[in-house]
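Visitor: Here it is: the structure, laid out below.
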Amino acid sequence: MKIWKTEKPKTVIQDEASDTGSDAFYKPDIETDKFPSGKLLDTIIYSMELSVKSFYELSVDELYRILKFRVDVFVVEQNCPYEEIDDQDQKAIHLYLSDDEKIEAYLRIIDEDDHAKIGRVIAKERRKGLGTMIMKEAIRVCKEVLKKDKIIVEAQTYAREFYEKLGFRAISEPFDLDGIEHIKMIRE
């Protein structure tokens, strides 16, 4: 598997037309490329590196940082003791965004018979656009690398709207998964 590297922003762009004054900095809307004032973006400056690797291409250090990141969020932060190391990582493609060697967002893709399954989606900082950025890359990898148009996620129900904005729709009723309510969603 090839590693894709990108130079993308930490968004630090001033919206001079904002109603809170000229000292305020805003994160533009990723979908519309507009500031809250409606002004279109001129430039965005990011400094993130995207890595896309199979399990066997990950270094020991990368694997450790990925597993620690996942356990910190899914087990510790969400207070959900479950088997995080689930024997699926070996057959997954791992995507992560890093900044100065720190993982800022992560997900994995598993190639199933007739679809791809995206899971373990996490961003260190919520509502900063990192989840959208890594999901868009994952969708691209599913389509271009795996040649799969059908993509499944089992999303926590609070994130349903996030996935809907990326073209997913619910295909199940909410269900319990390890004590947290989830919903199965598809993008075709």
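Visitor: Here are the criteria: (1) of a type in the set (Ser, Thr, Tyr); (2) in contact (Cβ under 8 Å) with a residue 40 or more places away in the chain; (3) outside any strand (DSSP E or B). Tell me which single one residue 56 does not satisfy.
Guide: Here residue 56 clears every test but (2).
Visitor: Being aromatic (Phe, Trp, Tyr) and within 20 Å of residue 143 (Cα to Cα) is the filter; apply it to segment 74-118 and report the residue that is nearest to the chain's Cα centre (by Cα).
Guide: Top of the filtered list is 106.
Visitor: Further, regarding this structure: So which of 130, 177 is in contact with a strand residue (DSSP E or B) (Cβ under 6 Å, 6 or more places away or on another chain) and within 20 Å of residue 74 (Cα to Cα)?
Guide: Within the list 130, 177, the selection yields 130.
Visitor: Can you spot a residue in segment 84-103 that is under 21 Å from residue 179 (Cα atoms), in contact with a strand residue (DSSP E or B) (Cβ under 9 Å, 6 or more places away or on another chain) and either surrounded by fewer than 13 Cβ atoms within 10 Å (Cβ to Cβ) or modelled with pLDDT under 85 (or both)?
Guide: Scanning segment 84-103, I find at least one residue that is under 21 Å from residue 179 (Cα atoms), in contact with a strand residue (DSSP E or B) (Cβ under 9 Å, 6 or more places away or on another chain) and either surrounded by fewer than 13 Cβ atoms within 10 Å (Cβ to Cβ) or modelled with pLDDT under 85 (or both), so the answer is yes.
The values are calculated or read from the model by the stated rules, or taken from the named source; none is laboratory data. Since this is a predicted model, take the numbers as computed values, not measurements. With ideal geometry, Cβ positions are generated from the backbone for all residues, glycine too; neighbour counts draw on all protein chains shown.
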